[in-house]
1. Could you run through the stretch 134-149 and say how many residues are surrounded by 17 or more Cβ atoms within 10 Å (Cβ to Cβ) and more than 15 Å from residue 84 (Cα to Cα)?
2. Are there any pairs with C-beta distances below 7 angstrom linking a residue in the stretch 145-161 that is outside any strand (DSSP E or B) to a residue that is among the basic types (Lys, Arg), with the two at least 6 apart or on different chains, and if so which?
3. Within the stretch 101-133, restricting attention to residues that are among the polar types (S, T, N, Q) and in a helix (DSSP H, G or I), which residue is surrounded by the most Cβ atoms within 10 Å (Cβ to Cβ)?
4. Identify, from the list 152, 134, 114, the residue that is of a type in the set (A, V, I, L, M, F, W, C) and more than 20 Å from the chain's Cα centre (by Cα).
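The values are calculated or read from the model by the stated rules, or taken from the named source; none is laboratory data. As the structure is a prediction and not an experimental result, all values here were calculated from the model. Counting neighbours? That spans all protein chains shown, and the Cβs are built from the backbone with ideal geometry, glycine included.
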Amino acid sequence: MKRTLSIALAAFCLTISISVPVGAQNLPTQHEAKQPAAAMPKSDVTPNTGGVAPENEKTGSIPRDDAMNSLLSAIAQTHSSATAVSAMKQVRGVRVVRISDIAKGDDARTVANAMKDSGKDRKALQSAVRANPALSAKLEAQNTNASQVVAAKIEADGTVTVFAD
């Protein structure tokens, strides 16, 4: 009886471990689930927005909600970003995201509250940006200077997203 029960339990566990990953393949990823449906123009006067509804405006190439989440995450990690910028030898690319483009209304208050605690770390990040000639040059090419930098997100490939005033 114990052996039959053990075999049945093992078979059940094996079935579950095989079926769960297979079933999960059909689920949309988090990124796919957020994608709005393509918008069609209502008339010749209404431009096709390329599937971006006004409430999901894009800031550069980043949807506003994603940019806001990235900004808040970057503000929380300002200290480690300053350390990472100091250690960077090569900067593959720089994308500047203006906070005023993504933080409006309640979001602006949320960003202001998040920034209250990061003042010392923000100054360290700005100093690290000034001390990194490659990053400084790429920022200046985009009409941004180190004193405007509020937060940064460094990707593994050496690309830096800078959130600036």
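1. 5
2. Listed by first residue and then by second, the contacts come to 146/130; 157/92; 158/92.
3. Going through the stretch 101-133, the residues among the polar types (S, T, N, Q) turn out to be 110, 113, 118, 126-127, 132.
Now drop any that are not in a helix (DSSP H, G or I), which leaves 110, 113, 126-127.
On the way: 110: 15, 113: 11, 126: 20, 127: 14.
The extreme case among them is 126.
4. Working: 152 fails: more than 20 Å from the chain's Cα centre (by Cα); 114 fails: more than 20 Å from the chain's Cα centre (by Cα).
The match here is 134.
Yes or no, residue by residue, for (1) farther than 30 Å from residue 131 by Cβ; (2) β-branched (Val, Ile, Thr); (3) surrounded by 10 or more Cβ atoms within 10 Å (Cβ to Cβ); (4) modelled with pLDDT under 50:
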| site | (1), (2), (3), (4) |
| --- | --- |
| 59 | no, yes, yes, yes |
| 72 | no, no, yes, no |
| 79 | no, no, yes, no |
| 89 | no, no, no, no |
